[in-house]
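Take a look at the structure below.
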Amino acid sequence: MKLKNMKNILLWIAAIAVATSCNSKKDFKMGTYAYDAQFLKEHNVQYKELISADGNAKVMVIPAWQGRVMTTSASGDEGDSYGWINYRFIKEGKINPQFNPVGGEERFWLGPEGGPFSLYFKEGAEQVYENWLVPPVIDTEAYDIKAENGNSIRFVKDTQVKNASGTTFNINIDRTVSLMDNAEIESEYGIELGKDLKVVAYKSENKITNTGTEAWKKETGLVSVWMLSHFNPTPTTTVFIPYNQDAEGTIVNDEYFGKIPADRLITDNGILYFKIDGKWRSKLGIPAGRATGLCGSYDSSKGVLTILSCQLPQEPASYVNGQWGPQDDPFAGDVINAYNDGPLEDGSIMGPFYEIETSSPGAELAPGASLTHSQKVIHIQGSEEELAPIVKKIFGADLNIIKTKFQ
């Protein structure tokens, strides 16, 4: 009798645990970090976390997906999840031999995408979507964890890729993602972060090394580090990019997918403004002479300021041209890119999402030599009064103009 009672009690406890678990799961609000963490767990996606001492800043990193930062939060589990995640694709659980668009707010890629030295088209293939193929090393292959602690994680990977001109590159990839604290951000950008602001920030050091026996030369094509960041679009989001007004030549390349309409792209007094709503597929790029290494976005409805910055070379450098098809100059590429997702001609859409991207110069490397591309991603959430001086200090821009440019 006692044994039977004990068994009933254990079954009752187990039932309560299951019910509690189910109720907790339902309490995770879509759009929060906790919701996304639970979603990935349910679909057997393993991740690592970098977490601040107070538990508010969280950076989620996935080794199986090339050490990408999947998402972040500035307010712990219940905070907004800043990265875009492709729930539909992940739910299907299938491997696409062409490209696996899982999303994530910082992923490591290699350039160039198009042109005579493309890494995404086979030699002799017409550069159209049907022939486009993302190399497995930046799509489906896991990276090895070399070192980790609570504040950083380092990944390594040896690989070989071949470009559309038939050149083979033997490459070691070495990527470290590190959590940044407020003191480091304040020192780096010369700003003050008030105690009421919600902040999460990380930096990545992305190094490629020529592990082959031949030098990488412009004549046979170069490789670049290409970092892409996916975020969630809203009708109240604007990407804004400062550009060098003293340089000569094109300010912005806005013809990747057809020219961007004037009501979606404005250049004014050293700042470029790009409407982000996930409703019009369009991409732009800032060439080397115009780029400042900075790009920002602001969602006025949530009060979220996103800052993306990269380290520029001290000397003039050649950037690979990613546009598909024949090119006048394979090294007239962009440093900063931004993309607004939208429906294709058939009405289908992958997201919606938006991207802001940075690229390193093309790597002219002797055997054993390396190139490192550093990038920082910072999310600051708070009131306009608190964010305005930060935007002014870092970008030389007016937050109210950014907010109202497309409203």
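The values are calculated or read from the model by the stated rules, or taken from the named source; none is laboratory data. Keep in mind the model is a prediction, meaning the values are calculated, not measured. No Cβ is skipped: glycine too gets one built from the backbone with ideal geometry, and neighbour counts run over all protein chains shown. SASA here: full protein model, heavy atoms, side chains in, ligands and nucleic acids out. Shrake-Rupley method; radii C 1.70, N 1.55, O 1.52, S 1.80 Å.
Considering only residues in segment 383-407 that are in contact (Cβ under 8 Å) with a residue 40 or more places away in the chain and charged (D, E, K, R), the one that is farthest from Gly194 (Cα to Cα) turns out to be Lys405.
Any residue at all in segment 74-83 that's loosely packed, with under 15 Cβ neighbours inside 10 Å and in contact with a strand residue (DSSP E or B) (Cβ under 6 Å, 6 or more places away or on another chain)? Yes, some residue in segment 74-83 is loosely packed, with under 15 Cβ neighbours inside 10 Å and in contact with a strand residue (DSSP E or B) (Cβ under 6 Å, 6 or more places away or on another chain).
Conditions tested, residue by residue: (1) among the β-branched types (Val, Ile, Thr); (2) buried (at least 20 other Cβ atoms within 10 Å of the Cβ); (3) under 26 Å from Pro361 (Cα atoms).
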position	(1), (2), (3)
Asn96	no, no, no
Glu106	no, yes, yes
Glu126	no, no, yes
Leu133	no, no, yes
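When each of Glu248, Glu255, Glu219 is tested for being open to solvent by 30 Å² or more (accessible area, probe 1.4 Å), closer than 19 Å to Ala317 by Cβ, modelled with pLDDT under 95 and not polar (S, T, N, Q), the lone residue that passes is Glu248.
Considering segment 211-241, the residues that are part of a loop (DSSP other than H, G, I, E, B) and aliphatic (A, V, I, L, M) include one that is nearest to Asp299 (Cα to Cα), namely Val223.
The single condition from (1) of a type in the set (S, T, N, Q); (2) surrounded by fewer than 21 Cβ atoms within 10 Å (Cβ to Cβ); (3) closer than 15 Å to Ala74 by Cβ that Gln381 fails is (2).
The set of residues from segment 23-42 being in contact with a helix residue (DSSP H, G or I) (Cβ under 8 Å, 6 or more places away or on another chain), at pLDDT 95 or above and either open to solvent by 60 Å² or more (accessible area, probe 1.4 Å) or part of a helix (DSSP H, G or I) (or both) comprises Tyr33, Ala34, Ala37, Gln38, Phe39, Leu40. The set of residues from segment 242-255 being over 20 Å from Phe406 (Cβ atoms) and either hydrophobic (A, V, I, L, M, F, W, C) or not in a loop (DSSP other than H, G, I, E, B) (or both) comprises Ala247, Asn253. Just one residue in the set Ile191, Ile241 is of a type in the set (A, V, I, L, M), out of contact with any Leu (no Cβ under 7 Å at 6 or more places or on another chain) and modelled with pLDDT of 95 or more; that residue is Ile191. Being open to solvent by 90 Å² or more (accessible area, probe 1.4 Å) and modelled with pLDDT of 50 or more is a property that Lys7 lacks.
The conditions of being among the hydrophobic types (A, V, I, L, M, F, W, C), open to solvent by less than 40 Å² (accessible area, probe 1.4 Å), under 19 Å from the mean Cα position of the chain (by Cα) and closer than 23 Å to Tyr120 by Cβ are met by Ile336. In the set Ile380, Ile401, only one residue is of a type in the set (Val, Ile, Thr), modelled with pLDDT of 95 or more and more than 24 Å from the chain's Cα centre (by Cα); that residue is Ile401.
Every residue, every condition in (1) open to solvent by 50 Å² or more (accessible area, probe 1.4 Å); (2) hydroxyl-bearing (Ser, Thr, Tyr); (3) touching an Asp or Glu at 6+ places or on another chain (Cβ under 9 Å); (4) under 20 Å from Ser204 (Cβ atoms), yes or no:
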site: Pro367; (1), (2), (3), (4): yes, no, yes, no
site: Thr372; (1), (2), (3), (4): yes, yes, yes, yes
site: Val377; (1), (2), (3), (4): no, no, yes, yes
site: Glu385; (1), (2), (3), (4): yes, no, no, no
site: Ala388; (1), (2), (3), (4): no, no, yes, no
site: Lys392; (1), (2), (3), (4): yes, no, yes, no
site: Leu399; (1), (2), (3), (4): no, no, yes, no
site: Lys405; (1), (2), (3), (4): yes, no, yes, no
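Checking each residue in segment 223-279 for being touching a helix residue (DSSP H, G or I) at 6+ places or on another chain (Cβ under 6 Å) and of a type in the set (Phe, Trp, Tyr) picks out only Phe240. State whether the residues of segment 312-333 include one that is within 21 Å of Thr72 (Cβ to Cβ) and not basic (Lys, Arg). Checked against the condition, which is being within 21 Å of Thr72 (Cβ to Cβ) and not basic (Lys, Arg), segment 312-333 yields no hits at all.
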